[in-house]
1. Can you give the direction-averaged projected area of the convex hull of the alpha-carbon atoms in the stretch 1-63, in nm²?
2. Can you compute the helix-only [θ] at 222 nm over the chain? Use -39500 (n - 2.57) per DSSP H run of at least 4 residues, normalise by all residues, nearest 500 deg cm²/dmol.
3. To test your reading of the geometry: what angle, between 0 and 90 degrees and rounded to tens, separates the Cα axis of helix 13-30 from the longest principal axis of the chain?
Amino acid sequence: MAFGSGSSRCPGRRFALNEIKQFVALLLLLAELQLEEGQAAATPDPGRAGLGILLPAADVRFRYRPRSGA
């Protein structure tokens, strides 16, 4: 994640990272995720390197549904 650096570093960066981790943990706990048929693994877009995050070169299509018993 890009939160700046030095004197312009985001004071809420730790809070934001913890929120993201909690969201991902709940998503993995409560939902089944599956790549759509024919969807290849994501590859990073080299043209966006150095921006703090690696975005995929193309959309990643997947399906999700609630886990049974969740």
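1. Values: hull surface 22.3 nm².
If I average the Cα hull's projected area over directions, I get 5.6 nm².
2. Numbers: 1 runs with 18 residues, N = 70.
Counting only the DSSP helices, I get -8500 deg cm²/dmol.
3. Roughly 0 degrees, rounded to the nearest 10.
Values quoted throughout were computed directly from the atomic coordinates according to the rules given, and no laboratory measurement underlies them. Please read these numbers as outputs of a predicted model, since none were measured by experiment.
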